[in-house]
1. Name the residue, out of 68, 43, that is in contact with a helix residue (DSSP H, G or I) (Cβ under 6 Å, 6 or more places away or on another chain) and of a type in the set (Lys, Arg).
2. Have a look at 58, 42 and point out the one that is loosely packed, with under 13 Cβ neighbours inside 10 Å and among the charged types (D, E, K, R).
3. Taking only pairs six or more apart or across chains, which ones have beta-carbon atoms under 7 Å, a first residue in region 1-25 that is within 18 Å of residue 132 (Cβ to Cβ), and a second residue that is part of a helix (DSSP H, G or I) and at pLDDT below 70?
4. On the given criteria, is residue 167 surrounded by 12 or more Cβ atoms within 10 Å (Cβ to Cβ) and either modelled with pLDDT of 70 or more or closer than 26 Å to residue 30 by Cα (or both)?
5. With 70, 91 as the choices, which residue is without any contact (Cβ under 8 Å) to a residue 40 or more places away in the chain and either surrounded by 14 or more Cβ atoms within 10 Å (Cβ to Cβ) or touching a Pro at 6+ places or on another chain (Cβ under 9 Å) (or both)?
6. Within region 17-25, is there a residue that is outside any loop (DSSP other than H, G, I, E, B) and of a type in the set (Phe, Trp, Tyr)?
7. Considering only region 97-134, state which residues are without any contact (Cβ under 8 Å) to a residue 24 or more places away in the chain and touching a helix residue (DSSP H, G or I) at 6+ places or on another chain (Cβ under 7 Å).
8. Taking region 91-127 only, how many residues are over 30 Å from residue 12 (Cα atoms) and assigned to a helix (DSSP H, G or I)?
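The values are calculated or read from the model by the stated rules, or taken from the named source; none is laboratory data. Values in this document were obtained by computation on a predicted structure and should not be read as measured data. All Cβ positions, glycine included, derive from the backbone under ideal geometry; neighbour counts span all protein chains shown.
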Amino acid sequence: MTPQELIIKGGIAIWPILFLSILALGVILDRLWFWARVLLQERQILNTIMESTFRNWESGSEIAKDYRHHPIGRFLFAPLQLPQPEPDVFHLALESAADDELALMRRGDKILEAVIALSPLLGLLGTVLGLINSLGSISISDLGTASTAGVTLGIGESLISTAAGLVVAIVSLAFYRLFQAFLFGQVRIFRKAGSDLELLYRQHWVEKEDLKFTINPPTLVKSPKKIIDPPTEK
């Protein structure tokens, strides 16, 4: 049976299933291209930024700026671009950047979730409609006669929409779980990289504060002594 025959015999429900399959295919191809670019370059970019930041804080910021086209580069550049922030502000910048990047990585998940939920239901609806049309054309007196041969064929064709809906849902679910696994891996990488960068910055902040204390030590203000007048004789 050719694809064209499947569409014709699938009934009216095959058309929304076909639309959902095209929609899911577009999302899957887009996410595969996105994750391929992310995973192939991520480790190299992360190591480059962290090593340069460990050696020189200012050079680390410049290198992270050059990698802003990558999610891990934008994540690390967000706090590094701030002019000498306090450690708490640095931590908040990391959290905000991580939320933004992880939200972009979830793009398309809602579409796949909708396809996974709707495709089997549409297939079942097509089967029910096909059964109604097939069984509605016969009467009880026709049972067991040659006139019911077409009913069997109609029931078989009505199951095409269910099979198509299940195939679309299974393929979409497989890629959805794959993308979720990639996302969970990014959460661990972002958490580890953020913790390491924050630890480096806190050490840098302590060293800078110690240097300020050494160059400009605090001066002690002496309180003037109170002069007590000698008692006068009466």
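1. Just a single option satisfies the conditions, and that option is 68.
2. Unique residue meeting the criteria: 58.
3. Taking only residues 6 or more apart or on different chains, the pairs are 9/157; 14/7.
4. Numbers: surrounded by 12 or more Cβ atoms within 10 Å (Cβ to Cβ): yes; either modelled with pLDDT of 70 or more or closer than 26 Å to residue 30 by Cα (or both): yes.
Answer is yes for this residue.
5. Working: 91 fails: without any contact (Cβ under 8 Å) to a residue 40 or more places away in the chain.
The match here is 70.
6. Of all residues in region 17-25, those outside any loop (DSSP other than H, G, I, E, B) come to 17-25.
Restricting the remaining residues to those that are of a type in the set (Phe, Trp, Tyr) gives 19.
Among the residues of region 17-25, at least one is outside any loop (DSSP other than H, G, I, E, B) and of a type in the set (Phe, Trp, Tyr), which makes the answer yes.
7. Passing the criteria: only 97.
8. Step one: list which residues in region 91-127 are over 30 Å from residue 12 (Cα atoms), which gives 91-107.
Retained after the next criterion (residues that are assigned to a helix (DSSP H, G or I)): 91-105.
Within region 91-127, residues that are over 30 Å from residue 12 (Cα atoms) and assigned to a helix (DSSP H, G or I) number 15.
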